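Below is one structure; the comments refer to it alone.
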Amino acid sequence: MTMTGRPSGLEPLRETIARHGLDARKALGQHFLLDPGITARIASLAGNLAGQHVVEVGPGPGGLTRALLDTDAASIVAVEVDTRAVAVITELAAHAPDRLRVIEADAMRCDLTTLCPAPRQVIANLPYNVGTPLLVGWLRQAAEWSRLTLMFQQEVAERICAAPGSAHYGRLGVLAQWTCRCGVLMHIPPGAFSPPPKVHSAVVGLIPHADQPDAALFRAMEQVTAAAFGQRRKMLRGALKSIGGEALLDEAGIEGSRRAETLDIAEFDRLARLHARRAATLS
């Protein structure tokens with residue numbers, strides 16, 4: 001242990017993986033990132049971590065965890081569902097007991113904000129099979145996070161950051177950009193992973209806006225975007241028929257002949273607020 005609370009004298013990551021027999025499992029969406037140069041860069045993309053409490057989801061063998069321990073983060077909580085990987089991270093935690101805690105849990109089933117105090121961030125190489133639903137869950141509680149630095153398949157990253165009218169623009173991009181300032185920070189080729197995935201990956205940075213919607217308004221936005229993009233080929237008057245259709249669009253000042261991908265975030269915000277207001281008067 002160094003004077004900074006950072007572990008020293010660790011064996012190479014590949015040796016740790018071999019000793020534990022930790023093979024990446026497709027069922028868990030695992031692709032291990034082992035290059036210390038890349039993991040260090042990802043950790044740095046989260047900005048100055050001094051005083052920040054970091055949650056890492058799906059640490060696997062701990063490549064990114066090691067990089068996070070080399071930052072000034074006040075604490076790191078590693079949440080891992082794979083019992084084999086938990087054993088590896090627990091071993092790492094023994095080298096930094098004052099800063100690293102391991103939780104064996106399914107991140108899809110727990111509220112990560114309860115695991116550490118604010119200010120808190122999520123920094124993670126997310127399992128490909130659950131990355132999108134995890135993100136949407138964190139967007140619902142964006143006020144609780146100071147930043148999210150997350151790795152996704154490149155296609156998902158492009159959807160998060162897509163501009164109106166572009167091929168990738170859809171429900172995920174609206175929800176993300178409505179609640180956060182979003183940007184692709186880094187592209188990572190398949191060969192950087194073990195085993196290499198069939199797709200490229202990208203790191204996305206999300207910084208929550210100062211003003212966040214309450215739970216009722218967020219639900220309304222989810223309903224509006226689900227209806228609007230659920231039938232992309234339809235004009236909005238038809239796509240939104242189940243939640244007010246033409247009347248809702250008229251009140252928002254939006255032409256019913258338009259399609260979902262042409263609306264910007266402000267227009268979706270107007271629709272969501274009107275829909276939430278209508279829902280509240282009916283309840």
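The values are calculated or read from the model by the stated rules, or taken from the named source; none is laboratory data. All figures in this text were calculated on a predicted structure; none of them were measured in a lab. Cβ: placed from backbone, ideal geometry, glycine included. Neighbour counts: every protein chain shown. Quick note on the areas: whole protein, heavy atoms, side chains included, nothing else; ligands and nucleic acids left out. Shrake-Rupley method; radii C 1.70, N 1.55, O 1.52, S 1.80 Å.
Using alpha-carbon pairs under 8 Å, 6+ residues apart, how would you state the relative contact order of region 141-255 in percent? Write down the numbers at each step before the final one.
On the way: 157 pairs, mean separation 29.4, N = 115.
Computed value for region 141-255: 26 percent relative contact order.
Provide the per-residue ³J(HN,Hα) series for region 230-235, in order, calculated from phi with Karplus coefficients 6.51, -1.76, 1.60 and θ = phi - 60°, each as a whole number of Hz, with x at glycine and proline positions.
Per-residue couplings from phi come out as x, 9, 4, 6, 7, 5 Hz.
Does region 86-145 classify as rounded, prolate or oblate by the C-alpha gyration tensor (a ≥ b ≥ c root eigenvalues; a/c under 1.5 gives rounded; else a/b over b/c gives prolate, otherwise oblate)?
oblate
Mean-square fluctuation check for the chain, GNM, Cα pairs under 10 Å: which of 102, 199, 156 is largest?
199
In region 86-166, which chymotrypsin sites (Phe, Trp or Tyr not before Pro) are in a loop and have at most 13 other Cβ atoms within 10 Å, using DSSP for the loop call? Walk me through the intermediate numbers first.
Values: sites: 128, 138, 145, 152; in loops: 128, 145.
Of the chymotrypsin sites (Phe, Trp or Tyr not before Pro), not one in the loops of region 86-166 has a Cβ with at most 13 other Cβ atoms within 10 Å.
Using a Gaussian network for the chain with springs between C-alpha atoms less than 10 Å apart, which of these wobbles most: 151, 186, 221?
Checking each option, the largest mean-square fluctuation is seen for 186.
Please turn the phi angles of region 184-200 into ³J(HN,Hα) values with the Karplus equation 6.51 cos²θ - 1.76 cosθ + 1.60 (θ = phi - 60°), one per residue in order, whole Hz, x for glycine and proline.
Values per residue, Gly and Pro as x: 7, 9, 6, 10, 10, x, x, x, 6, 10, 10, x, x, x, 7, 10, 6 Hz.
How much accessible area does residue 207 have with a 1.4 Å probe, in Å² rounded to the nearest 10?
50 Å²
How much accessible area per residue does the chain have, in Å², with a 1.4 Å probe? Each step should come with its number before you reach the end.
Numbers: 12780 Å² over 283 residues.
With all protein chains present, the chain gives 45 Å² per residue.
Restricting the count to DSSP beta bridges whose residues both fall in the chain, what percent are antiparallel, rounded to a multiple of 5?
Approximately 50 percent, going by the DSSP bridge assignments.
With an 8 Å Cα cut-off and a minimum separation of 6 or more residues, compute the relative contact order for the chain in percent.
Computed value for the chain: 15 percent relative contact order.
Within a Cβ distance under 12 Å of residue 55, other residues only, what is the Lys/Arg minus Asp/Glu net charge?
Its environment carries a net charge of -1.
In whole Hz, with x marking every Gly and Pro, tabulate ³J(HN,Hα) for region 238-247 from phi via Karplus 6.51 cos²θ - 1.76 cosθ + 1.60, θ = phi - 60°.
Coupling constants for region 238-247: x, 4, 9, 4, 6, 10, x, x, 4, 5 Hz.
Would you give the gap between the C-alpha center of region 158-228 and the C-alpha center of region 43-101, rounded to a whole Å?
Measuring centre to centre over Cα atoms gives 24 Å.
Cα gyration tensor of region 123-272, axes a ≥ b ≥ c as square roots of the eigenvalues: rounded (a/c below 1.5), prolate (a/b > b/c) or oblate? Mind showing how you got there, number by number?
Working: a/c = 2.53, a/b = 1.71, b/c = 1.48.
Taking the square roots of the gyration eigenvalues as a ≥ b ≥ c, region 123-272 is prolate.
For residue 83, what accessible surface area do you get with a 1.4 Å probe? Give it in Å², rounded to 10.
Counting only protein heavy atoms, the figure is 90 Å².
Under 5 Å between amide hydrogens, which residues at least 5 positions from residue 126 or on another chain qualify, with H placed 1.01 Å from N in the peptide plane?
151
Compute, for residue 110, the solvent-accessible surface of its heavy atoms (probe 1.4 Å) with the complete set of protein chains present, and express it in square angstrom to the nearest 10.
It works out to around 50 Å².
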